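**Student:** Take this structure, written in structure tokens, and hold onto it; I'll ask about it next.
The values are calculated or read from the model by the stated rules, or taken from the named source; none is laboratory data. These figures come from a predicted structure and were not determined experimentally. Every residue, glycine among them, receives a Cβ derived from its backbone with ideal geometry; neighbour counts consider all protein chains shown.
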Amino acid sequence: MRIGELAAATGTTPRALRHYEQAGLLTCERAANGYRLYDAGTVVRVRNIRHLLEAGLTLDDIQVFLPCLDGDVTAGPASERALEVARERLAVIDERIAAQTAVRDRLAAALHRATGTRMRPVA
């Protein structure tokens, strides 16, 4: 299948697919005219990549999952390295949340000082 067909089948874009390929997560054959040709099984791989990205991992993080990207990445037991990568990514996300919360609190305090109105936290 060509790149546009793969993009449509996986709900992504050709640009994203080229990015995944550049990151070493996808491979393809080349037609005589230079078009990328993907195996039908690549649909599962792309869906798994997108699932892991949506979970907060980066393309670099996903390298650890290469051996299981063609199957059900949620079915089997995770490797120790995969768990370590996930824990590291979670720590980074927690740090970013804490930093953003601190910025929000400083802004709310400044608004309170300026207007006397307390800003209610968003749940």
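Residue by residue, here is whether (1) more than 14 Å from the chain's Cα centre (by Cα); (2) of a type in the set (Gly, Ala, Ser); (3) outside the structural domain of residue 23 (by TED's automatic domain parsing) holds:
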| site | (1), (2), (3) |
| --- | --- |
| 55 | no, yes, no |
| 58 | no, no, no |
| 62 | no, no, no |
| 69 | no, no, no |
| 82 | yes, yes, yes |
| 91 | yes, yes, yes |
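**Student:** Let me ask something else. Need the failing condition index for residue 45 against (1) closer than 17 Å to residue 17 by Cα; (2) not in a helix (DSSP H, G or I), just the number.
**Tutor:** (2)
**Student:** Please state which one of 80, 88 is farther than 21 Å from residue 11 by Cα, at pLDDT 95 or above and not basic (Lys, Arg). Show your work before the answer.
**Tutor:** On the way: 80 fails: at pLDDT 95 or above.
None of the other options fit; the residue is 88.
Let's see how each residue does on (1) without any contact (Cβ under 8 Å) to a residue 12 or more places away in the chain; (2) among the acidic types (Asp, Glu); (3) closer than 21 Å to residue 26 by Cβ; (4) in a helix (DSSP H, G or I):
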| site | (1), (2), (3), (4) |
| --- | --- |
| 49 | no, no, yes, yes |
| 61 | no, yes, yes, yes |
| 70 | no, yes, yes, no |
| 97 | yes, no, no, yes |
| 103 | yes, no, no, yes |
| 114 | yes, no, no, yes |
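**Student:** Still on this model: When segment 34-53 is examined, which residues are found to be β-branched (Val, Ile, Thr) and buried (at least 21 other Cβ atoms within 10 Å of the Cβ)? Can you show your working first?
**Tutor:** If we filter segment 34-53 for residues that are β-branched (Val, Ile, Thr), which is where we start, we get 42-44, 46, 49.
Correct list: 42, 46, 49.
**Student:** Here is a further query. Residue 57 is checked against (1) touching a Lys or Arg at 6+ places or on another chain (Cβ under 8 Å); (2) in a helix (DSSP H, G or I) and fails just one. What number does that condition carry?
**Tutor:** Unmet for residue 57, out of (1) touching a Lys or Arg at 6+ places or on another chain (Cβ under 8 Å); (2) in a helix (DSSP H, G or I): (2).
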